[in-house]
Amino acid sequence: MAGEKKKRGKRKHQPMGLDIIHEDRDIIVVNKTAGLLTIGTGRDGGRTAHAALDDYVKKGNYKSRERIFVVHRLDRDTSGVLVFARTEKAKLTLQKNWQEAAKTYLAFVEGHPDPDEGMIESYLVENDARRRGLAMIKAVDTRVEN
């Protein structure tokens, strides 16, 4: 039933590189390890969070009609929570409302940043494989807790 959390515990078919945090008929929420791509680039050999979850929902049956839909992505070197949809309707609903969702990003740094706090404003460009133009990052809080 939607909204019900399945018991966490050992699953017979646990997707590699992912820890399932929540699963219901509409979504699967996982903790992705650093080093694992969210979706494929064509040169990744199929080792992605999407491929692992796709195999997980199909339970090894390649003829299964079960599918996984990518709601958002995390970079390869970033660990953290990913939300995948089990239906296209759930994916579209989540993506439509993604900007309103509260998100928290935590970074670990080595050394002592100078200054201790401030704002980072920078432009990002996706790589040639998925170039979509410029994206602006604003209001990044760099406060350091001692």
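Charge tally for residue 64 (other residues, Cβ to Cβ under 11 Å; Lys, Arg +1; Asp, Glu -1): +2. Over all other residues within a Cβ to Cβ distance under 13 Å of residue 98, the charged ones net out to +3, with Lys and Arg as +1 and Asp and Glu as -1.
Computed 3J(HN,Hα) for the range 43-59, one whole-Hz value per residue from the Karplus formula 6.51 cos²θ - 1.76 cosθ + 1.60 where θ = phi - 60°, is 10, 9, x, x, 8, 9, 4, 4, 5, 5, 6, 4, 5, 4, 6, 7, 6, glycine and proline marked x. Treating r as the C-beta distance of residue 116 and residue 95 and R0 as 35 Å, the FRET efficiency rounds to 0.45. A straight chain from residue 106 to residue 64 at 0.36 nm per residue would run longer than the Cα-Cα distance by 11.4 nm.
Taken together, the values in this text are just the output of simple stated rules run on the coordinates, not laboratory data. Because the structure is predicted, anything quoted here is derived from the model rather than measured. Neighbour counts are summed over all protein chains in view; Cβ atoms, including those assigned to glycine, are modelled from backbone coordinates with ideal geometry.
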